[in-house]
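One structure is given here, and the rest of the page talks about it.
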Amino acid sequence: KLFWPKKRRMQDIFRRMSDSGIICRDDMYNIWEQKEFRAILPYKEFIFNILIHLDILAEQRRYDTATGSRLSVDNFFVPCMVTERNTTSFMDKECTPERAICLAFVFKGTVIPPALPNRLISACLSMWTLKQYEGRKLLFSGFIVVSFDKAHDIVVCVEGNNILLYIVHKTSAGLIVPDIATGVKECLVTTMERISDFYQSTIHEECSQQLPFHIEYSCSKLKCFISEEEALQTNQWVCDEHNITHNTGNSTVWNQDKV
Ligand SMILES: [Zn+2]
């Protein structure tokens, strides 16, 4: 359970962290100056860097608009502290079947490993730039939107025992660059492998080779799903809810280099 400090300054830090998901290095050091954390204070820089390495914290990316070079920053995202849910209209207005494609990472059993979604969101923040929409940063509990480039946005959101990945194009889903969709998918798979390996290696001495999830591709309405194995075995599939015939060739957008 979280330790809630009495001091006003600490309350301010925690409120800012749960509202915006952002903390600066000095605020974190201030938290550790309380007597409960004194033991780690001599190693504060080392521990702070470990938290970044473990994807608990993620650097806020800032760029020089003139040169495009990355600026050094003092603010860090803490996705696991964010409690606010997404109430923006981004999914309804932008992430539409006309402009987006979707796949699901479906976890075996009933639950996603604890802390995996937040660490995946941290990893996204360390790779891509957080999207602003209608004046708000799109980082919420179990939900994030980042910009890949001027035409492509990436949405990662948790729904039950699925982690959904959407690629949203500025104008049309048909214009999504397959190299980008494939690259983003592979990148998230690698990240989740890394995170899952870490969890397993802390519990068991040997890591099991099996991933804790499989991939399913959505129908063109973004609602029905077909497993990767089925998609590879058939040329066409008809989704249950919409009765639309899909060429499984469409899923090559997610598997560019395997064609
Ligand atoms: Zn469907």
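The values are calculated or read from the model by the stated rules, or taken from the named source; none is laboratory data. This structure is a prediction, so every number in the text was calculated from the model and none was measured. All Cβ positions, glycine included, derive from the backbone under ideal geometry; neighbour counts span all protein chains shown. The area values use the complete protein model at the heavy-atom level, side chains included, leaving out ligands, DNA and RNA. Shrake-Rupley method; radii C 1.70, N 1.55, O 1.52, S 1.80 Å.
Taking the range 95-121 only, how many residues are on the phi > 0 side of the Ramachandran plot and either in contact with a strand residue (DSSP E or B) (Cβ under 8 Å, 6 or more places away or on another chain) or without any contact (Cβ under 8 Å) to a residue 12 or more places away in the chain (or both)? Walk me through it before giving the result.
Step one: of the range 95-121, the residues on the phi > 0 side of the Ramachandran plot are 109, 115.
Now restrict to residues that are either in contact with a strand residue (DSSP E or B) (Cβ under 8 Å, 6 or more places away or on another chain) or without any contact (Cβ under 8 Å) to a residue 12 or more places away in the chain (or both): none.
The qualifying residues number 0.
Looking at 92, 55, 64, which one is touching a residue at least 12 places away in the same chain (Cβ under 8 Å) and among the acidic types (Asp, Glu)?
On the way: 92 fails: touching a residue at least 12 places away in the same chain (Cβ under 8 Å); 64 fails: touching a residue at least 12 places away in the same chain (Cβ under 8 Å).
Answer to the check: 55.
Is it the case that residue 95 is touching a Phe, Trp or Tyr at 6+ places or on another chain (Cβ under 8 Å) and of a type outside the set (Ser, Thr, Tyr)? Walk me through it before giving the result.
On the way: touching a Phe, Trp or Tyr at 6+ places or on another chain (Cβ under 8 Å): yes; of a type outside the set (Ser, Thr, Tyr): yes.
Here the answer is yes, as residue 95 does meet what is asked.
If a residue must be closer than 21 Å to residue 68 by Cβ and surrounded by 17 or more Cβ atoms within 10 Å (Cβ to Cβ), how many such residues does the range 148-175 contain?
In the first step, residues of the range 148-175 are kept if they are closer than 21 Å to residue 68 by Cβ; the result is 148-154, 170.
Those left that are additionally surrounded by 17 or more Cβ atoms within 10 Å (Cβ to Cβ): 148, 152-154.
Looking only at that region, the number is 4.
Would you mind telling me which numbered condition in (1) under 18 Å from residue 61 (Cβ atoms); (2) in contact with a strand residue (DSSP E or B) (Cβ under 9 Å, 6 or more places away or on another chain) residue 150 fails?
(2)
If I filter the range 204-216 for residues that are within 16 Å of the ligand (Cβ to nearest atom) and either acidic (Asp, Glu) or at pLDDT 90 or above (or both), do I get at least one hit?
Just the residues of the range 204-216 that are within 16 Å of the ligand (Cβ to nearest atom), to begin with: 216.
From the residues that got through so far, the ones that are either acidic (Asp, Glu) or at pLDDT 90 or above (or both) too are 216.
Yes - at least one qualifying residue is present in the range 204-216.
What helices (runs of 4 or more DSSP H) completely inside the range 1-91 contain at least 3 residues that are among the charged types (D, E, K, R) and open to solvent by less than 100 Å² (accessible area, probe 1.4 Å)? Walk me through how you get there before you give the answer.
Numbers: elements: 8-20, 25-32, 44-53.
In the range 1-91, 25-32 are the helices (runs of 4 or more DSSP H) which contain 3 or more residues that are among the charged types (D, E, K, R) and open to solvent by less than 100 Å² (accessible area, probe 1.4 Å).
Would you be able to tell me the number of residues in the range 220-244 that are within 9 Å of the ligand (Cβ to nearest atom) and open to solvent by less than 40 Å² (accessible area, probe 1.4 Å)? Break it down into steps so the answer makes sense when it comes.
Going residue by residue through the range 220-244, those that are within 9 Å of the ligand (Cβ to nearest atom) are 220-225, 238-244.
Still in the running and open to solvent by less than 40 Å² (accessible area, probe 1.4 Å): 222, 224, 239.
Selection size over the range 220-244: 3.
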